[in-house]
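Enquirer: Before I ask anything, let me first share the structure, which is written out below as structure tokens.
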Amino acid sequence: MHVRDIMVTKVIVAPPEMSLSEALKLMLSHRIRHLPIVDSHNHLVGIISDRDLSDAIPSIFDSKPKEDVMSLPVSKVMVKNVITALPDDFVEEAAHMMTEQQISCLPVEENGDLIGIITETDLLNILVKLTGADLPTSRLEIDVPNETGQLSDVSDVIKRHKINIHSVLVYPSFSNPTRQTLVFRIQCMDMRGLLSSLKEKHYKIVWPQDMEMTQ
């Protein structure tokens, strides 16, 4: 999946000369937390967040009048060295970049033009969809040796029960580097038969923890 598949294309933007007061009203009216700043050619020149605005607004105990600050242009407080993504970047790479740089959004550029934006909310939404958590599916977790063929072997058992696999995640054990966990989202509400087959093959079932839970 690429960034272009999940990015918001109708991006709310502002010019550099817009006042902080106007920017705040714009963000509140559209319920957004990030406001890209573009020039007359739709080229990204900066970005501000709700946190930037809150940091810029003086305390009620500040001697400088609040009105003076709020009339300043956004160019005075915007972040200028903006980290961006390309539309054909992979979603997982964009997520890694956001985590590594500790940022909560990525404007998307193509040929110098701003064409979209992705936020941490977009990534969470796509995670829910990819894992099938939003569908009537069941979760199956199996602890297996970190060896070639384990995913294929377990998938064959599920296939023999004619159960559709919606998604699969594989992650290493946090306590034992020789083990890994297979996490399946399957379209099956009654897993008793499948769990019996897996136990017969001596697979360690992490979830459901007890076969009686599926009855």
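The values are calculated or read from the model by the stated rules, or taken from the named source; none is laboratory data. Remember, predicted model here, so these are calculated numbers, not experimental data. In case anyone asks, the SASA skips ligands and DNA or RNA and just uses the protein heavy atoms, side chains included. Shrake-Rupley method; radii C 1.70, N 1.55, O 1.52, S 1.80 Å.
Enquirer: Per DSSP H run of n ≥ 4, the term is -39500 (n - 2.57); total these for the chain, divide by its residue number, and report the mean residue ellipticity at 222 nm rounded to 500 deg cm²/dmol.
Expert: Only helices count here, giving -9000 deg cm²/dmol.
Enquirer: Convert each backbone phi in segment 68-85 into a coupling constant with the Karplus relation 6.51 cos²θ - 1.76 cosθ + 1.60 (shift: θ = phi - 60°), then list the ³J(HN,Hα) values in order as whole Hz, x for Gly and Pro.
Expert: Listing the rounded values in order: 5, 5, 5, 8, 5, x, 5, 4, 6, 10, 5, 7, 8, 8, 7, 7, 10, 10 Hz.
Enquirer: Report, as a whole number in µm² per second, the diffusion coefficient that Stokes-Einstein gives for segment 97-198 at 37 °C and 0.692 mPa s using the Kirkwood radius over alpha carbon pairs.
Expert: Approximately 202 µm²/s, per Stokes-Einstein.
Enquirer: OK, next. Select from 92, 17, 200 the residue whose mean-square fluctuation is largest in a Gaussian network model of the chain (Cα-Cα springs shorter than 10 Å).
Expert: Residue with maximal mean-square fluctuation among 92, 17, 200: 200.
Enquirer: Per residue of segment 22-35, what does 6.51 cos²θ - 1.76 cosθ + 1.60 with θ = phi - 60° give for ³J(HN,Hα)? Whole Hz please, x for Gly and Pro, Karplus curve as stated.
Expert: Each residue of segment 22-35 in turn: 5, 5, 4, 4, 5, 5, 5, 5, 9, 6, 10, 10, 9, 10 Hz.
Enquirer: Counting only heavy atoms of protein chains, what accessible area per residue, in Å², does the chain have with a probe of 1.4 Å?
Expert: On a per-residue basis, 62 Å².
Enquirer: I need the phi-derived Karplus couplings for segment 41-51: 6.51 cos²θ - 1.76 cosθ + 1.60, θ = phi - 60°, integer Hz, Gly and Pro marked x.
Expert: Whole-Hz 3J(HN,Hα) from phi for segment 41-51: 9, 6, 9, 5, 10, x, 7, 10, 10, 4, 5.
Enquirer: If you compute Cα Rg over 2.2 N^0.38 Å for the structure shown, which of (1) 1.00; (2) 1.11; (3) 1.44 do you land on?
Expert: Working out Cα Rg over 2.2 N^0.38 Å from the coordinates points to (3).
Enquirer: Given a 1.4 Å probe and every protein chain left where it sits, what share in percent of the accessible area of the chain is carbon and sulfur? Spell out each step's value before the answer.
Expert: Values: 6840 of 13230 Å².
Taking all protein chains in place, the chain shows 52 percent carbon and sulfur surface.
Enquirer: While we're here: So, how do all the Cα-to-Cα distances of segment 1-125 break down into 5 Å bins, in percent, from 0 on up?
Expert: 2, 11, 21, 22, 19, 12, 7, 4, 2, 1, 0
Enquirer: Let me ask something additional. Based only on the alpha carbon positions, what is the Kirkwood hydrodynamic radius of segment 64-113, in angstrom? Could the numbers behind the result be given before it?
Expert: Details: mean 1/r = 0.0755 Å⁻¹.
The answer is 13.2 Å.
Enquirer: Please list, in chain and number order, the residues 5+ apart from residue 204 or on another chain whose amide H is under 5 Å from its amide H, with Hs placed from the backbone.
Expert: When sequence neighbours closer than 5 places are left aside, the close amide H contacts are 143.
Enquirer: Give me the one-decimal Kirkwood hydrodynamic radius in Å for segment 1-44, with the sum taken over alpha-carbon pairs.
Expert: For segment 1-44, inverting the mean 1/r across all distinct Cα pairs yields 11.7 Å.
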